[in-house]
Amino acid sequence: MNYTQVGKITHYFDKIQVGVLLITDGEVRAGDTIRIGEEGVGFEQKVESLQIDHKPVDNIKVGEEAGLKLSSAAKQGDLVYKVSE
């Protein structure tokens, strides 16, 4: 597996398990697999959906932020990696 850093978590809302992802490099699309946090500590998941201002979007690019439902808890500052084979 290859991991390419694409952004970081800027906020995490634990009651609804939603993180805010800021893209710093590249882009993330619905359907991509991402890793949140470092290997051995973080977790991987498929991006089911992305939302900007409560409206669904297909992808986000550099400088954009979107909310996404997370399968595990994250914390502010966690790095986000796009996973590819």
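Of the residues making up segment 1-36, just one is farther than 22 Å from GLU85 by Cα, without any contact (Cβ under 8 Å) to a residue 60 or more places away in the chain and among the polar types (S, T, N, Q), namely GLN17. In a residue-by-residue description of segment 73-84, the property of being over 23 Å from ASP14 (Cβ atoms), surrounded by fewer than 20 Cβ atoms within 10 Å (Cβ to Cβ) and of a type in the set (Ser, Thr, Tyr) applies to at least one position.
With the structure loaded, tell me whether VAL47 is surrounded by 15 or more Cβ atoms within 10 Å (Cβ to Cβ), out of contact with any Asp or Glu (no Cβ under 8 Å at 6 or more places or on another chain), at pLDDT 95 or above and not charged (D, E, K, R) or whether it fails that test.
In short, no.
Here GLU39 does not fit the description of being without any contact (Cβ under 8 Å) to a residue 60 or more places away in the chain and surrounded by 13 or more Cβ atoms within 10 Å (Cβ to Cβ).
I'm trying to understand the selection: among the residues of segment 1-25, which are surrounded by 14 or more Cβ atoms within 10 Å (Cβ to Cβ) and more than 15 Å from ALA74 (Cβ to Cβ)? Give the derivation first.
Pass one, segment 1-25, residues surrounded by 14 or more Cβ atoms within 10 Å (Cβ to Cβ): 3, 6-9, 11-12, 17-23.
Within segment 1-25, TYR3, ILE23 qualify.
The values are calculated or read from the model by the stated rules, or taken from the named source; none is laboratory data. Please read these numbers as outputs of a predicted model, since none were measured by experiment. Positions of Cβ are backbone-derived with ideal geometry, glycine not excepted, and every protein chain shown enters the neighbour counts.
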